[in-house]
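Below you'll find the structure, written out as structure tokens, and then a few comments.
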Amino acid sequence: PTTRRYAAVDLGAASGRVMVGEVGDGRLELTEAHRFPNEPVRLPDGLHWDIVRLYRELLAGLHRCGDGPVSVGIDSWAVDYGLIDRQGALLGLPYHYRDSRTETVAVPDPGRYAVTGTQHLPFNTVFQLLAEPRGRLAAAERVLLVPDLLGYWLTGQVGTERTNASTTALYDARGGDWATGLIDGLGLRRDLFPALRDPGSPIGTLASHTGLDLPLVAVGSHDTASAVVAVPALAADFAYISAGTWSLVGVELPAPVLTERSRAENFTNELGVDNTIRYLRNVMGLWLLQECQRGWREPDTRALLAAAASAAPFASLVDPDDPTFLAPGDMPARIDAYCARTGQPVPADRPAYVRCVMESLALSHRAALRAAARLSGRTINAVHLIGGGARNELLCQLTADASGLPVVAGPVEATALGNVLVQARADGGPADLPAMRALVAATQPLRRFEPTGDPGAWDSAAARIGLATPSASGA
Ligand code: LRH
């Protein structure tokens, strides 16, 4: 056959999946082998990932891929890790980045930005490590980020994939290696941090106990790095919104922006595949809706969005990035509190809450898009909204309306596609990012949303929640 198959394990904060991608002859096709919820677990010492379950689901999924994948690649959400000791044993379950233990240690250090280019998020790996009990760090041989931990269990090989390393706030954005000066300065041991590996490099063969005879290949193991590989853009004048639990909003650049203004606006420089820079800001994303749905025990997203589409516009708005929305909890009550605090009516019913969340996200998307253009000097002519959020027509349309830019929605499974494409390239497939993106554009269903409505209404809505920003042209 002239097409080849690759298995992609993609773990998001809300769900995981194992996909099979078929590549060749101008084709790029994904089939789902396995999908499962990712449910964190609260234990006496905090909020954790059920990493053993994820490993078991990953294995079950790989066994459902049939014969034939050439290789497998793993990506997941960023920043979180497991510690392993000298025997290779896991020292406690990995913490969830929404655990509150970093609240007291996450002190911004303006000097760090000029080296790492990493935005301040209270859960950056660096703060999580500083929150570790000293005894556990002393017992630890290595820090393994989640995809690297799973890869270690599968192959016995230890390493850190580079794109995900760049989310730790311990990676030197210009030097392209661990920021040893910072690591020393914080009193962390350099040898906790494994050697870096590049997307596309071989990791090892799955151990025989897995019952699978497959090579594991490094991909952009930070899910957002893989997602942005699969942006179906043919030119450079695009912005992306990788919309899932988070919305990652920004542009792709050849070099990091490490200026004081960039730091003050909390933009990050994450490493992408082929040493591209994802210059972006984290927007709280569909987490707000997911957490409302969890409280309501209402899994039917489609019905909620349909009702929200005809709810009154601009009734109540929140800044989605307000820190009160970060931790798991009663999201509708927090939205009420925000509205009360800012003199707005509290949403009257579920459609009103969902409308509030969607409009607020659209406003935060708009602010981040404008800031990305302004801080990077990039002109943005189109916004690619990729990931699960691309299914959400209301979010796509409101983002187009708020930003005044056309939104191209899709692919929904951008992350799995990017994971597959990097494996395919390592196997002689599409040569570079432009070739990968052209293949995505030619093969995946996309929808275009043109801006509609009254731009002035969005300007005043933005001003209401303190998100008024000058437009990209500086107007
Ligand atoms: C998205 C994501 C994002 C990180 C967050 C922790 O899944 O990887 O890029 O900031 O999770």
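We did not get these values from a lab; they are worked out from the coordinates using the rules stated. This one's a predicted model, so the numbers in the text were calculated from it and none came from an experiment. Glycine gets a Cβ as well: all are built from the backbone with ideal geometry, and neighbour counts include every protein chain shown.
Along region 261-277, what does the Karplus equation 6.51 cos²θ - 1.76 cosθ + 1.60 (θ = phi - 60°) give for ³J(HN,Hα), rounded to whole Hz, x for Gly and Pro?
Result, rounded to whole Hz: 5, 5, 4, 5, 8, 6, 8, 10, 10, 8, 7, x, 4, 6, 6, 6, 10.
Please identify the helices of the chain, taking whole runs of DSSP H, that span at least 27 Å along their own axis as judged from the Cα atoms and have a mean Kyte-Doolittle score of 0.0 or higher.
The answer, listed by residue number, is 350-376.
I'd like the antiparallel share, as a percent to the nearest 5, of DSSP beta bridges with both residues in the chain.
Counting only bridges with both partners in the chain, antiparallel ones make up about 75 percent.
Using Cα pairs under 8 angstrom and six or more residues apart, how large is the relative contact order of region 340-475, in percent?
This gives 29 percent for region 340-475.
In region 13-110, which trypsin sites (Lys or Arg not before Pro) are in a loop and have at most 14 other Cβ atoms within 10 Å, using DSSP for the loop call?
R64, R86
Quick check: net charge around L54, other residues with Cβ under 15 Å of its Cβ, Lys/Arg +1 and Asp/Glu -1?
Taking every Cβ under 15 Å from that of L54, the sum is -4.
For D67, D274, what's the fewest-to-most ordering of other Cβ within 10 Å of each Cβ?
D67, D274
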